[in-house]
Amino acid sequence: MNPETEKTMSRPEAVNAPKRTAELEELLIDAEADDEQVQQSHPLVRRPWLLLLGLILVALNLRPALSSMAPLLSEVSKSLGLSAAQAGLLTTLPVLCLGLFAPLAPVLARRFGAERVVLGILLTLAGGIILRSNFGEIGLFAGSVLGGASIGIIGVLLPGIVKRDFAKHAGTMTGVYTMALCLGAAMAAGSSVPLSEHFDHSWAMGLGFWVIPALVAAVFWLPQIGQKHGAHNVAYRVRGLLRDPLAWQVTLYMGLQSSLAYIVFGWLPSILIGRGLTPTQAGLVLSGSVIIQLASSLAAPWLATRGKDQRLAIVVVMALTLGGLFGCLYAPIEGLWGWAILLGLGQGGTFSLALTLIVLRSRDSHVAANLSSMSQGFGYTLASMGPFAVGVVHDWTGGWNAVGWIFGIVGAGAILAGLGAGRALYVQVESEKV
């Protein structure tokens, strides 16, 4: 075995709290961590303000294609004659593509360079948005696939670019990146219905509007194409993740908490419309809940490292999430905003803790990059089943009450997986230079 081969042993004392707390300042996982020459190069960013603006604009586009559909889903379904199961498939396809296409991102980056890939995929995202809003039922589904695939690829590459070019400000940039994601999702959820109403009640315009920020981001990203960031050379290989129970527990937690998140993105407005809210009101509730996620997504990783492990934190944020979901589904409508806030606090924490677990369960950046790829690839594929199940159950029952069983089952599964993933252990893998 190569002298640089490292076996990571799972043991409770493995995690040194001060060291791991410092590493949480770099929660953005680098998909190119295995490319030694890229990691060792430190390019001079000539216009950092332009790069920062480009990164923010790109990050703003990683959620609108997902969250803009939910408030308009009822109108789209009525217009095209979609069943609830078909509507469920429509909410499932983008999430499924997040998982299926995420592993493609490092491959494309090594071949063409991360900056060029981001620009090209921004254009495919714009194409997907145009396709789903202008070409009937076929375009709707095909555009959803293209949009989800585009978001999956950019979402893997962007954190690595942030870490590489703003290495001395990784903690601050983590917050900026998270804020951009939440802001983009909230803007689309809250304004898609008003936009459609402004354009003569055209859901196509409400969905198609989001091609504009995608194209704007592409324009501001264009100057990054000429930058040289070093040659790509696969220098490390991590083996054994697929055989490690802890890696699967991290993956299951990522997938199951994401399933609840994308159920909310895909179906919460429809559930609230069924309870008597207007589409505009339902979109604003989703938007407000997403904005609240910002507070807990920034606080939860810091709080989670105060104890000996993350199990208690996982139980708390999942309890908040389930409480908010059940409140939105069953509680009197007068207290809806309180439940939406509770839901936002819970889901912001569940997502950031999923990212935290990837860092804490990995001994080095190479393991973290591979564990991140595994948890996103398998996790988002699993997550896509949640929105589809909600559509099927609603189709079978003709109402929303039975959906609570899905919330409960998925939430319980996430807690069980989190209790395993939250232990202070390392995944047992071999990380070797090749």
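Could you look at region 317-434 and say what percent of its accessible area is carbon and sulfur, using a 1.4 Å probe and all protein chains? Please list the in-between numbers first.
Working: 2910 of 4080 Å².
C and S atoms contribute 71 percent here.
Averaged per residue, what accessible area in Å² does region 252-352 show with a 1.4 Å probe, protein chains only? Mind dumping the intermediate values first?
On the way: 3620 Å² over 101 residues.
Here the per-residue accessible area is 36 Å².
Could you order W400, W248 so the one with the most accessible surface comes first? Probe is 1.4 Å.
On the way: W400 40, W248 85 Å².
Highest to lowest solvent-accessible surface, that is W248, W400.
If you plug each phi of region 176-189 into the Karplus form 6.51 cos²θ - 1.76 cosθ + 1.60 with θ = phi - 60°, what whole-Hz ³J(HN,Hα) values come out, in order, with x for Gly and Pro?
4, 4, 5, 4, 5, 4, 5, 5, x, 5, 5, 4, 5, 5
Determine ³J(HN,Hα), in whole Hz, for all residues of region 141-152 in sequence, where each value follows from phi through the Karplus function 6.51 cos²θ - 1.76 cosθ + 1.60 and θ = phi - 60°; x replaces Gly and Pro.
Here the 3J(HN,Hα) series is 6, 5, x, 5, 5, 5, x, x, 4, 5, 5, x Hz.
If you average the alpha carbon positions of region 363-414 and of region 91-105, how far apart do those two centres end up, in angstrom?
13 Å
From the phi of every residue in region 316-321, what ³J(HN,Hα) in whole Hz does the Karplus formula 6.51 cos²θ - 1.76 cosθ + 1.60 yield, where θ is phi - 60° and glycine or proline is x?
Per residue, the Karplus-derived 3J(HN,Hα) values read 5, 5, 5, 5, 4, 4 Hz.
Taking all protein chains as present, what is the carbon and sulfur share of the accessible area of region 45-170, in % to the nearest whole number, probe 1.4 Å?
Working: 3020 of 4490 Å².
The computed percentage sits at 67.
The values are calculated or read from the model by the stated rules, or taken from the named source; none is laboratory data. Bear in mind that the values here come from a model prediction, so they are computed numbers and not experimental data. In case anyone asks, the SASA skips ligands and DNA or RNA and just uses the protein heavy atoms, side chains included. Shrake-Rupley method; radii C 1.70, N 1.55, O 1.52, S 1.80 Å.
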